[in-house]
Amino acid sequence: MNGLAVRIIPCLDFKDGRVVKGTRFLNLVDSGDPLERALLYERQGADELAFLDISATLEGRKTMAQEVARIRQVLSIPIMVGGGIGSIEDACRLLEAGADRISVNSAAVRNPLIIDELASRFGVQCVVVAIDVAENSTMPSGYEVKIDAGSRKTGFDAVAWAQEASGRGAGEILLTSIDRDGTSLGYECRLIGLVARAVLVPVVASGGASKPEHFLEGYLSGASALLAAGIFHRGEISIREIKEFLKAHDVEVRL
């Protein structure tokens, strides 16, 4: 927590041209048109939009660039884009299409040097390393990094990997608890705290938020930004309502 306004970031998981949402990365359901969702969330006061291609085939990346360009034409808030980015060329295509920042996940675990390369080419402010995490009591922190949409174990400790990623040039860590994803149980606050204390870059909390109190808990645990999807897609509460709740609890937000 650095005294700056906390950011509220709705996440659009993108598959075959549609927004989808699941639970623990499974059982995806259609949640609407990406452009319509993006415009709605901007009107509600979103600080940024996360746009993640979860199919991420080569064709998916091309489709993603087209979708980013379509949204960029009408959206004024920053866009973070991730999913299937495995090279400088992939990142360049999305940044040229209008993304403000790109997020790498599985590719960074397989080849950590890509973080250095992206930071050198585009600047640390453009590079987000997304880390998907599941509980594992055999890890020093109690949490293990998983890749390939949560389907593959890595043997990497979550906190140690966050430290390495930030040391290599990640300007931000997008930290998702697979165990909490889509459960409405709230953020994995212990995990957030461990990572936020271990790195010098902002941490974006992701996975499980379903009510205003969860956003406050995530912030108090050390997150600089709070990401959510299902709570917004289902229309249970607006981004402005979340911000008003946080402000009422002395958290700085942009209204």
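Yes/no matrix, rows are residues, columns are (1) in contact with a helix residue (DSSP H, G or I) (Cβ under 7 Å, 6 or more places away or on another chain); (2) on the phi < 0 side of the Ramachandran plot; (3) not charged (D, E, K, R):
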| residue | (1), (2), (3) |
| --- | --- |
| 166 | no, yes, yes |
| 176 | no, yes, yes |
| 181 | no, yes, no |
| 202 | no, yes, yes |
| 205 | yes, yes, yes |
| 214 | no, yes, yes |
| 224 | no, yes, yes |
| 243 | no, yes, no |
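Quick one: would you say residue 255 is at pLDDT below 95 and not small (Gly, Ala, Ser)?
yes
For the range 142-199, list the strands (runs of 3 or more DSSP E) that sit wholly inside it and hold at least 1 residues that are within 18 Å of residue 10 (Cα to Cα); which are they?
172-177
From the list 179, 157, 148, which one is touching a Pro at 6+ places or on another chain (Cβ under 6 Å) and either modelled with pLDDT of 95 or more or surrounded by fewer than 23 Cβ atoms within 10 Å (Cβ to Cβ) (or both)?
None of the other options fit; the residue is 157.
Can you name every residue in the range 87-119 that is in a loop (DSSP other than H, G, I, E, B) and either surrounded by 22 or more Cβ atoms within 10 Å (Cβ to Cβ) or touching a strand residue (DSSP E or B) at 6+ places or on another chain (Cβ under 8 Å) (or both)?
98, 99, 100, 105
How many residues does the range 120-133 contain that are surrounded by 19 or more Cβ atoms within 10 Å (Cβ to Cβ) and either among the charged types (D, E, K, R) or closer than 17 Å to residue 177 by Cα (or both)?
6
Answer with yes or no whether residue 4 is buried (at least 17 other Cβ atoms within 10 Å of the Cβ) and at pLDDT 80 or above.
No, not satisfied.
Identify, please: which residue in the range 63-86 is in a helix (DSSP H, G or I) and closer than 10 Å to residue 35 by Cα and is, among those, modelled with the highest pLDDT?
In this case the residue turns out to be 72.
Would you mind stating whether residue 107 is more than 18 Å from residue 12 (Cα to Cα), among the small types (Gly, Ala, Ser) and at pLDDT below 95?
yes
Could you identify the single residue in 47, 148 that is on the phi > 0 side of the Ramachandran plot and either in contact with a helix residue (DSSP H, G or I) (Cβ under 8 Å, 6 or more places away or on another chain) or touching a residue at least 60 places away in the same chain (Cβ under 8 Å) (or both)?
The unique qualifying residue is 148.
Within the range 227-255, count every residue that is in contact with a Lys or Arg (Cβ under 7 Å, 6 or more places away or on another chain) and either under 16 Å from residue 4 (Cα atoms) or not in a loop (DSSP other than H, G, I, E, B) (or both).
Qualifying residue count for the region: 4.
The values are calculated or read from the model by the stated rules, or taken from the named source; none is laboratory data. Just so we're clear, the structure is a prediction, and the values are computed from it rather than from any experiment. Backbone-built Cβ (ideal geometry, glycine too); neighbour counts: all protein chains shown.
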